[in-house]
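**Q** Take this structure, written in structure tokens, and hold onto it; I'll ask about it next.
The values are calculated or read from the model by the stated rules, or taken from the named source; none is laboratory data. From a predicted model like this one, the values you see are computed outputs, not experimental measurements. Neighbour counts are summed over all protein chains in view; Cβ atoms, including those assigned to glycine, are modelled from backbone coordinates with ideal geometry.
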Amino acid sequence: MKFFKNTLKIVAILFFGTLYAQQDPNYTLYRYTMNVINPAYAGADGNTSLTSNIRSQWIGLRDAPESQSFFYAQPVSDKIGVGLTIVNDQVFVERQTSFNIDFSYKLQVSETANLFLGLKAGGGTYNVDRDNLGTLGGGSDPALSNIDTGFRPNFGAGAYLLHDKYYVSLSVPRILSSERIDESDGRVTQATQEAHIYLSGGYNFRISDNTEFRPSTLLRYVGGSPISLDATAAFRFFNKFEIGAAYRTDQAISGLLMINMAEWVDFGYAYESSTRDDINGVSNGTHEILLRFNFKKSASN
């Protein structure tokens, strides 16, 4: 019984902390899930691809965050790319499902670099399991019953600079605000879902004919919350196999693996562990799996 009560307490802390600091899902394999956060990435690598990503956070903790992402990208001409992104995200009593169409346009800025500008449009649904709000601590505001759980339109934008050796990405995948739940002074209340700003960059250092060192970073900012930063160091061998490690300032460390299993399929896996004792005491870490099918293979970014 004591363990059960402590678990509920930790769930409440993690739940409200997650709502405050993270309204959109995190990805350890962010370099390979860029479609979700930046519409300019659609078709930017010259590949027609179909990708699925599953992220199960804090395994062993009941109703812990789960994210399933699906995205399709295709260049339709030398300058234009299109894509479809679907994300289903559950964080304890919250569930969001979004559907977006991505559009990108290429501008050549030098012989070795292109700038892609992108737009994202679509929408999604938002649902709250009100029956379980009480188990997370505090009372509930009657206004919660008025939160709109119907279709919510969305609009986003992004820019993606791609060079032979590096990339820089800046995006706001959701500009329109919407209602959600929050916690204030031990009471669950109605709040506004804020826009997220993402800034990412990476560089490919050629060490030898068969080895590359590929450091990268991803910075997230949402109004009213501390900036979150991922720092990743990875090595790629023979352009087929990649292994690396990452650190997130939200107190998490992870290891990642990417394998080009064939010309038409890539497999990725990441394991993440929190550096917080209160989380590690009730969970078995976070697992992320990625599978990408390439229908037109070109040089990797």
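**Q** Can you spot a residue in the stretch 82-99 that is over 28 Å from Glu272 (Cα atoms) and modelled with pLDDT of 80 or more?
**A** Quick first cut of the stretch 82-99, residues over 28 Å from Glu272 (Cα atoms) only: 82-83.
Keeping just the survivors that are modelled with pLDDT of 80 or more gives 82-83.
There is at least one residue in the stretch 82-99 that is over 28 Å from Glu272 (Cα atoms) and modelled with pLDDT of 80 or more.
**Q** So, Gln96, is that one more than 17 Å from Phe155 (Cα to Cα) and crowded, with 17+ Cβ neighbours inside 10 Å or not?
**A** Taking the combined requirement at face value, the residue does not satisfy it.
**Q** If you scan the stretch 196-206, which residues turn out to be over 14 Å from Glu242 (Cα atoms), surrounded by fewer than 18 Cβ atoms within 10 Å (Cβ to Cβ) and not small (Gly, Ala, Ser)?
**A** Going residue by residue through the stretch 196-206, those that are over 14 Å from Glu242 (Cα atoms) are 196-203.
If we keep only those that are surrounded by fewer than 18 Cβ atoms within 10 Å (Cβ to Cβ) too, we end up with 197, 199, 201, 203.
Those that are over 14 Å from Glu242 (Cα atoms), surrounded by fewer than 18 Cβ atoms within 10 Å (Cβ to Cβ) and not small (Gly, Ala, Ser): Ile197, Leu199, Tyr203.
**Q** Out of the residues in the stretch 39-48 meeting the condition of being at negative phi and surrounded by 24 or more Cβ atoms within 10 Å (Cβ to Cβ), tell me which one is farthest from the chain's Cα centre (by Cα). Give the steps one after another, and end with the answer.
**A** Just the residues of the stretch 39-48 that are at negative phi, to begin with: 39-42, 44-45, 47-48.
Now restrict to residues that are surrounded by 24 or more Cβ atoms within 10 Å (Cβ to Cβ): 39-42, 44.
Working: Pro39: 13, Ala40: 15, Tyr41: 14, Ala42: 16, Ala44: 18 Å.
Within the stretch 39-48, the match that is farthest from the chain's Cα centre (by Cα) is Ala44.
**Q** Related question: Given the structure, is Asp250 under 22 Å from the mean Cα position of the chain (by Cα), modelled with pLDDT under 95 and of a type outside the set (Gly, Ala, Ser)? Can you show your working first?
**A** On the way: under 22 Å from the mean Cα position of the chain (by Cα): yes; modelled with pLDDT under 95: yes; of a type outside the set (Gly, Ala, Ser): yes.
Spelling it out, Asp250 is indeed under 22 Å from the mean Cα position of the chain (by Cα), modelled with pLDDT under 95 and of a type outside the set (Gly, Ala, Ser).
**Q** Asn260 fails exactly one of the following numbered conditions: (1) touching a Leu at 6+ places or on another chain (Cβ under 9 Å); (2) free of Cβ contacts under 8 Å to residues at least 24 places away in the same chain. What is the number of that condition?
**A** Failing condition for Asn260: (1).
**Q** Which ones in the stretch 261-287 are more than 11 Å from Ile59 (Cα to Cα), acidic (Asp, Glu) and crowded, with 16+ Cβ neighbours inside 10 Å?
**A** Asp266
**Q** Which condition number in (1) modelled with pLDDT under 85; (2) more than 20 Å from Ile227 (Cβ to Cβ); (3) surrounded by 17 or more Cβ atoms within 10 Å (Cβ to Cβ); (4) polar (S, T, N, Q) is the one that Gln193 fails?
**A** It is condition (2) that Gln193 fails.
**Q** Give the residue that is surrounded by the most Cβ atoms within 10 Å (Cβ to Cβ), with candidates limited to residues of the stretch 49-77 that are small (Gly, Ala, Ser) and in contact (Cβ under 8 Å) with a residue 60 or more places away in the chain.
**A** Step one: filter the stretch 49-77 for residues small (Gly, Ala, Ser), giving 49, 52, 56, 60, 64, 67, 69, 73, 77.
The next check asks that each one be in contact (Cβ under 8 Å) with a residue 60 or more places away in the chain; those that pass are 49, 52, 56, 60, 64.
Working: Ser49: 23, Ser52: 14, Ser56: 16, Gly60: 10, Ala64: 21.
Looking at the filtered set, the residue picked out is Ser49.
**Q** Looking at the stretch 47-66, which of the residues that are over 21 Å from Ser254 (Cβ atoms) and in contact with a strand residue (DSSP E or B) (Cβ under 6 Å, 6 or more places away or on another chain) is modelled with the lowest pLDDT?
**A** Within the stretch 47-66, the first condition is being over 21 Å from Ser254 (Cβ atoms), and the residues that meet it are 47-50, 62-63.
Among the residues that remain, those that are also in contact with a strand residue (DSSP E or B) (Cβ under 6 Å, 6 or more places away or on another chain) are: 47-50.
Details: Asn47: 88, Thr48: 94, Ser49: 95, Leu50: 96.
That would be Asn47.
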